[in-house]
Amino acid sequence: MEKLKFNILAGLFVLSSISAFAEGHLPANIQTAFQKLYPQATGVEWEQMAGCYVAEFIVGSHEVDVWFNKQAEWVMTETDVESLKKIPNPVAEAFMDSTMAGMRLRDVRIITFPKHPTVIILEVEQYNSDREFQLFYAPDGKLLQSLDVTELGGEIYPELFLNDF
């Protein structure tokens, strides 16, 4: 029941954030900052989450989410690469040697920041269960953090990494 309540609240939050831009209220400074970073991006959809403006678009076969704070400063980029073959070998090897390797791999994301090291997130779930985990790796294969996100969902947002936003 708690999970259902959370999913309903999360859905309402997403709907309200998307509708904020349905009428074209994206601040010009945010749009300008985005176009400087990704001048070739097309099919961009905007939403507001966790106090940031988020541009979502496709590059090649990868979904990309670019986060900006209210001052139009780039906060982070999340690239969904969906495969262990597209991340640094030390990370893939560390995961394959871990106890989590026996779980179903759901998602692989690379998170980049303007002033902080890159983080690779592997999201896994136990077979025949609702248990989900996010594994945070440094590019050298060091496991930085493991989060049980069973009740929280798998949303990635800046506060997971940085405390200065």
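The values are calculated or read from the model by the stated rules, or taken from the named source; none is laboratory data. Remember, predicted model here, so these are calculated numbers, not experimental data. Note that we place each Cβ from the backbone using ideal geometry, even for glycine, and neighbour counts take in every protein chain shown.
Here are a few things to note about the model shown:
Residues checked against (1) in contact with a helix residue (DSSP H, G or I) (Cβ under 7 Å, 6 or more places away or on another chain); (2) within 21 Å of residue 55 (Cα to Cα); (3) at pLDDT 95 or above:
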site: 79; (1), (2), (3): no, yes, yes
site: 88; (1), (2), (3): no, no, yes
site: 92; (1), (2), (3): yes, no, yes
site: 95; (1), (2), (3): yes, no, yes
site: 164; (1), (2), (3): no, yes, no
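- Residues satisfying the stated conditions in the range 146-162, i.e. part of a loop (DSSP other than H, G, I, E, B), modelled with pLDDT of 80 or more and hydroxyl-bearing (Ser, Thr, Tyr): 150
- From the options 143, 84, residue that is among the hydrophobic types (A, V, I, L, M, F, W, C) and under 28 Å from residue 55 (Cβ atoms): 84
- Residue count, the range 113-145 (criterion: part of a strand (DSSP E or B), free of Cβ contacts under 8 Å to residues at least 40 places away in the same chain and of a type outside the set (A, V, I, L, M)): 7
- The set of residues in the range 36-65 being touching a helix residue (DSSP H, G or I) at 6+ places or on another chain (Cβ under 8 Å) and touching a residue at least 40 places away in the same chain (Cβ under 8 Å) consists of 49, 50, 52.
- The residues in the range 54-87 that are buried (at least 16 other Cβ atoms within 10 Å of the Cβ) and more than 18 Å from the chain's Cα centre (by Cα) can be counted, and the count is 1.
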